[in-house]
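Contents: one structure, followed by commentary.
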Amino acid sequence: MRRSRFPFIVTGVVLVFFYLPILILVVDSFNASRFGGAWRGFSLKWYARLFHEPAIWEAARNTLFIALLVTFVSLVLGTTSALALHRFANSRLQRGHYTLVYTPLVVPEILMGISMLMAFVAAGVELGMLTIILAHVTFCVSYVALTVLGRLQDFDFTIIEAARDLGASGWTAARRVLLPMLAPGLAAAALIAFTLSVDDFVITFFVAGPGATTLPIRVYSMIKHGATPLINALSTLLLALTFTTVLVSQRLSASGSLKSRTME
């Protein structure tokens, strides 16, 4: 019986719809034309000019600082949350805990941004770097918790009990046994949190204050002023960074799962 080509055609159309705009953006970043559209020859001048824009690199420094700090805080809170969810999974209290973890994943970003803005204003907190960090931690914790929780579901806790029977303290068993075996999951969760923090615009737009401009907000400001070639070059660099981070995250998750199955 001859197989239908319709699923293959639909898949191809969907992939083209998703990735063709990205491909056009990358190609236009090497276009010598200032307004795009017509091809005026290959050029790297927009990348060269990009490196002489201090406002962009200041925003990049802010973004990197926020993302690194958010990743660290989210990793600590998310890991402890995942451990609690896994250890006390049958507790009634954990149902509320699950709700708190899942809520930031299903609530629309614009609603989260508005609600956080109202909360900060009501609490008298000045908008700035601190409010951005708090807002990013709010949703990054959920992703970290679920990623680590997935790793814990394949974890054999009898290894911890064996370490305790051999004289290791609770802290030593956690530091020398638990954390090394969770390392692939922790690394994957950290990379996801870092990527989400770097890429976030909607929530950051609401909670950012004067002098706390991140890279996505700076790109939005550049669009209003018509700096399209610079945006194409900057977006290409961000795409390369994002895809590399996601690829590394997937590789770490896959290697962690393979290692777990091998040990079993």
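A short reminder: the numbers here are calculations on the coordinates, not readings from a lab. Here the structure is a predicted model, which means the values were calculated and not measured. Here the Cβ positions follow ideal geometry from the backbone for every residue, glycine too, while neighbour counts run over all protein chains shown.
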(request) Quote the Stokes-Einstein diffusion coefficient, in whole µm² s⁻¹, for the chain, based on the Kirkwood radius over alpha carbon pairs, a temperature of 4 °C and a viscosity of 1.567 mPa s. (result) 61
(message) Need one word for the range 179-253: rounded, prolate or oblate. Basis is the Cα gyration tensor (sqrt eigenvalues a ≥ b ≥ c); a/c below 1.5 gives rounded, then a/b vs b/c decides.
(response) oblate
(request) Would you be so kind as to identify all helices of the chain, as entire DSSP H runs, whose Cα atoms reach 15 Å or more along the helix's own axis and whose mean Kyte-Doolittle hydropathy is at least -1.0? (result) 6-28, 54-87, 93-106, 109-123, 129-152, 179-199, 228-263
(request) Please report how far the C-alpha centroid of the range 5-42 lies from that of the range 209-239, rounded to the nearest whole angstrom. (result) 20
(message) Just to be sure I follow: if Rg is taken over the C-alpha atoms of the range 1-43 and Rh is the Kirkwood radius over the same atoms, what is Rg/Rh?
(response) 1.30
(request) Quick one: work out Rg over Rh on the C-alpha atoms of the range 167-222, Rh as Kirkwood radius. (result) 1.31
(request) For the range 92-138, state the semi-axes of the equivalent ellipsoid (square roots of 5 times the eigenvalues of the alpha-carbon gyration tensor), sorted largest first and rounded to whole angstrom. (result) 23, 12, 10
(request) Determine, for each peptide in 126-137, 100-111, 182-193, the mean count of other beta carbons within 10 angstrom over its residues, then list the peptides with the highest first. (result) 182-193, 126-137, 100-111
